[in-house]
Amino acid sequence: MIEGKEEPTILYEDNAACIAQLKDGYIKGDRTKHILPKFFFTHDLQKDGEVKVEQVRSSENSADLFTKSLPTSVFKKLIHQIGMGRLKDIQ
């Protein structure tokens, strides 16, 4: 742990395969054999208690606002979740 830091940093992830990879570490398989083991450093961070990986539903993942197109209802919910809104709604 970083000196003076008591709680691990939480990483929210909506991909179950990614979560398994982070928790289990380097998995040598057909799909990951081209990736060098040094790139799996996040597993070490998780193992050492520096980070904690938690699953978040894709419909509640505010980062999706910036990475993909979303249904209008999900978009509006996530915009509200991060504190954004339309100017005309504020006035």
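A few remarks follow.
- Test: residue in the range 52-71 that is among the aliphatic types (A, V, I, L, M), farther than 28 Å from GLU7 by Cα and either under 13 Å from the mean Cα position of the chain (by Cα) or not assigned by TED's automatic domain parsing to the domain that holds ASP24 (or both): yes
- For the range 30-51, the condition of being among the acidic types (Asp, Glu), modelled with pLDDT of 90 or more and surrounded by fewer than 12 Cβ atoms within 10 Å (Cβ to Cβ) holds for none of the residues.
- Any pair with Cβ under 8 angstrom, 6 or more apart, that starts in the range 66-91 at a residue that is over 17 Å from VAL56 (Cβ atoms) and ends at one that is modelled with pLDDT under 90: none
- Residue within the range 12-27 that is modelled with pLDDT of 80 or more, closer than 26 Å to VAL74 by Cβ and among the aromatic types (Phe, Trp, Tyr) present: yes
- Taken over the range 52-87, residues that are exposed (fewer than 14 other Cβ atoms within 10 Å of the Cβ) and over 30 Å from ASP24 (Cα atoms) amount to 14.
The values are calculated or read from the model by the stated rules, or taken from the named source; none is laboratory data. Note that this is a predicted model, so its numbers are computed, not measured. FYI the Cβ positions are ideal-geometry reconstructions off the backbone, even for glycines, and counts take in every protein chain you see.
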